[in-house]
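Structure first, then comments.
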């Protein structure tokens, strides 16, 4: 491990040296920095009066060169783990994290359904973050699971089941929980299936909508209309045709 660290630091030094242009009296160091960290850099170098700092934003043709760092609000930050798994967007592209986060939590919660799993995830995640003080990617993972646990508990209450116990079998003292249950997937599976399909359709249309937005930002009107918006029209058209048929099927 020590040997790996040694060569890793040597490699980093070589990379820095490659970005440094120098002469006997001058040197030029070029690199990328987050906009939010720019003030810190200038403050750290203010004592070096001989240094000239030039800052510019990247050009469109430099998109492939710009390193990408995701920056999201606290509720969405743990879900950057999922974005990183599938590949981070390029510099000028839309960060999908805030859009995938609620659907990821909701779909995983629907897969688990039972509120008992939500309680387990809540307790486990809290202990790992607060007691065992995990850091880095592990902290993001357990923060994400904490949110998923909370949503799973909510789904469990709505579907009337916690730790495999249906609310209809609860004692009278816990009868108030029965009023919170809106749907029993075991007794009304087709309604539950229709809700899941509806959520999946919304998720699909949102993804295509983001593609349209991305095309419009690039001023690629042809691609926005013909490649992506046309799919939205087609899917909604099929849905309008299929709804009467599916309604009759669901009603038996």
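Per-structure values
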{"item": "Rh (Kirkwood; distinct C-alpha pairs) - the chain, Å", "result": "23.3"}
{"item": "Where labels lie 7 Å past Cα in the beta-carbon direction, separation of residue 54 and residue 84 in nm", "result": "3.4"}
{"item": "Computed E for residue 236/residue 182 - FRET, C-beta separation, R0 25 angstrom, nearest 0.05", "result": "0.40"}
{"item": "Computed FRET value (nearest 0.05) for residue 47 with residue 73, which takes r as the C-beta separation and R₀ as 30 Å", "result": "0.30"}
{"item": "Rounded if a/c under 1.5, otherwise prolate or oblate - the range 188-252, Cα gyration tensor axes", "result": "oblate"}
{"item": "By average C-beta atoms within 10 angstrom, highest first, the peptides 192-200, 40-48, 88-96, 142-150", "result": "142-150, 88-96, 192-200, 40-48"}
{"item": "Nearest 10 degrees, 0 to 90: helix 230-250 Cα axis against the chain principal axis", "result": "20"}
{"item": "Neighbour-count ranking [beta-carbon atoms within 10 angstrom, fewest first] of 62, 30, 80", "result": "30, 62, 80"}
{"item": "Calculated [θ] (222 nm, deg cm²/dmol) that DSSP helices of n ≥ 4 give over the chain, each run adding -39,500 (n - 2.57)", "result": "-17500 deg cm²/dmol"}
{"item": "Acute angle (nearest 10 degrees) that the helix 189-217 long axis makes with the longest principal axis of the chain, alpha-carbon atoms", "result": "30"}
{"item": "Length-normalised contact order for the chain - Cα pairs under 8 Å, 6+ apart - percent", "result": "12"}
{"item": "Pair residue 33, residue 93: separation of 7 Å Cα→Cβ label points (nm)", "result": "2.8"}
{"item": "Extension gain (nm, one decimal) between residue 40 and residue 170, 0.36 nm per residue minus Cα-Cα", "result": "41.0 nm"}
{"item": "Kirkwood Rh and Cα Rg combined as Rg over Rh, evaluated for the range 76-208", "result": "1.05"}
{"item": "Cβ-Cβ FRET estimate between residue 61 and residue 133, R0 fixed at 35 Å, reported to 0.05", "result": "0.20"}
{"item": "0 to 90° range, to nearest 10: angle between helix 136-158 axis and the chain longest Cα axis", "result": "20"}
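Just so you know, all these numbers are worked out from the coordinates, no wet-lab data involved. Quick caveat, the model's predicted, so the values are computed rather than measured. Quick reminder, even Gly has a Cβ in these numbers, built from the backbone with ideal geometry, and neighbours come from all protein chains shown.
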